[in-house]
Every structure is written in C-alpha cells, then in structure tokens.
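The values are calculated or read from the model by the stated rules, or taken from the named source; none is laboratory data. What you see is a predicted model, and the numbers here were worked out from it, not measured in a lab. Cβ sites come from the backbone with ideal geometry, for glycine too, and all protein chains shown count toward neighbours.
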C-alpha cells in the first residue's frame, strides 16, 4: 500500500504535470494551424501547471497563484533545497507569456513578438526537468517518464504535433523555421468611447478596466467645465 505522500505525488503527477504535457501539445497544435491567441493561452496553461507542479512536489502551496506566472516563477526560485537554474531568455519568455497569454478574451492588444514555438519548446525543456516527486538536486538530470513520453512513443496525430519542428523533444538537430509575429488591437482600444457601455455588460480584467477608467477620468478632467456640466445635465 503506497504512503499518503506517494499518493499525493501521484495526484500532482497526473493532475498537474501530465495535464501540463497535454496543454503543451495543444499549444503546439494550435501554433501549427495559426491560432495565435489560443496558442498563447494553452502555452500559459502548460507553463503555469509545470511551475505549480514544481512547487507542489516541494511541499509548497499554490492556492493564491491563479494564473500569475511571474509570482509562480519567483516562488519556485525561492525554494531553498532546489538547485533551480534556467536561462535568462526562458525567464523572459515566462514573464512575457504571463502578460500576453492571459488575454484569452482579446480585451487588450496582442503582441506575439518573442512568444513563438521555439521559445515555448525551450521553456518546457528547462522547466519540466524539475517536475519530479523528489527534492531536486540529486536526480534533477534523471529522465522523466510521463504523459509527453507516452505520446511521443506511439504513432498518432498528437505525436506528430509533439515532434513537429521540435529541437528539444523531437528528432531534429536543426530545422528551417519561419517566425511570425502578430500585432492586433481589440475594438475597445480602437473605439475607447464604447467602453462605458461594454463595462455595463462585460466583466473586464482589473488592469484593462483600470486603464479605461483612468482614460475616462483624464478626458473628463481635460474637458472644459461648461461642457462637463452640459454633458452631466443631458445624462
């Protein structure tokens, strides 16, 4: 009979690391077909779960983290017994992904610069090796046998998406890869005057709502008093 500790580790493995593997493959599939907004959200979900798995394996709670990748990464770095090392560009990717990946309702401008598939593959490679049910250091380099390895071992569409132009988990030593970048503004940023009406019927995230409330206040403060009075009267 396994111990409670072993049972808890089994839960973390199956509900966090294995699901993160599937989010990662979903992100790769979405990138492959050009769905960039959905790619960023699935990539964020994968990185978020990998970071949370590392924390949970090391006995650290995650209740307050929500989707905050910067907070999760900072907490992983503070684990005393974990020899956690990642390249600087991986840390930068996690920070940028946390800001852009959360934009799943396209409520703020999207910018995918430096948020592509190559960066995601490298990030998963470096984070995932710490996703193991031991305090890292002694066995951090040991191979992991998880959901990703299971999918890569059997012919399937998921396997194809897993290894497609993948320098880290595929069979390639070098690849030809065309980068793409997407910039786009949602309608509330193109037509900020519609925000008050949208705000009545849609729950915007706090940063977006604060942006528009601040914009409305600045516009109102810059308006001549006579005009402000006239608008208030007409309301």
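Have a look at 87, 109 and point out the one that is closer than 30 Å to residue 195 by Cα, in contact with a helix residue (DSSP H, G or I) (Cβ under 8 Å, 6 or more places away or on another chain), surrounded by fewer than 20 Cβ atoms within 10 Å (Cβ to Cβ) and assigned by TED's automatic domain parsing to the domain that holds residue 147.
Values: 87 fails: closer than 30 Å to residue 195 by Cα.
None of the other options fit; the residue is 109.
When you check residue 64 against the structure, is it part of a loop (DSSP other than H, G, I, E, B) and farther than 21 Å from residue 147 by Cβ, yes or no?
Details: part of a loop (DSSP other than H, G, I, E, B): yes; farther than 21 Å from residue 147 by Cβ: yes.
When the stated conditions are applied, residue 64 passes them.
Scanning segment 144-183 for residues that are touching a residue at least 60 places away in the same chain (Cβ under 8 Å), surrounded by 13 or more Cβ atoms within 10 Å (Cβ to Cβ) and within 20 Å of the chain's Cα centre (by Cα) turns up 147, 148, 161, 162, 166, 182.
What number goes with the only condition from (1) more than 21 Å from residue 37 (Cα to Cα); (2) modelled with pLDDT of 90 or more; (3) surrounded by 12 or more Cβ atoms within 10 Å (Cβ to Cβ) that residue 228 does not pass? So the condition that residue 228 fails would be (2). Is at least one residue of segment 143-155 assigned by TED's automatic domain parsing to the domain that holds residue 62, at pLDDT 95 or above and closer than 21 Å to residue 55 by Cα? Yes: segment 143-155 contains one or more residues that are assigned by TED's automatic domain parsing to the domain that holds residue 62, at pLDDT 95 or above and closer than 21 Å to residue 55 by Cα.
With a requirement of 2 or more residues that are within 20 Å of residue 36 (Cα to Cα), the helices (runs of 4 or more DSSP H) lying completely within segment 86-196 that satisfy it span 88-100, 117-128, 157-163, 187-190.
Considering only residues in segment 11-37 that are without any contact (Cβ under 8 Å) to a residue 12 or more places away in the chain and either in a helix (DSSP H, G or I) or surrounded by 16 or more Cβ atoms within 10 Å (Cβ to Cβ) (or both), the one that is nearest to the chain's Cα centre (by Cα) turns out to be 15. Check whether at least one residue in segment 53-76 is crowded, with 18+ Cβ neighbours inside 10 Å, within 17 Å of the chain's Cα centre (by Cα) and in contact (Cβ under 8 Å) with a residue 60 or more places away in the chain, and report yes or no. Yes, segment 53-76 contains a residue that is crowded, with 18+ Cβ neighbours inside 10 Å, within 17 Å of the chain's Cα centre (by Cα) and in contact (Cβ under 8 Å) with a residue 60 or more places away in the chain.
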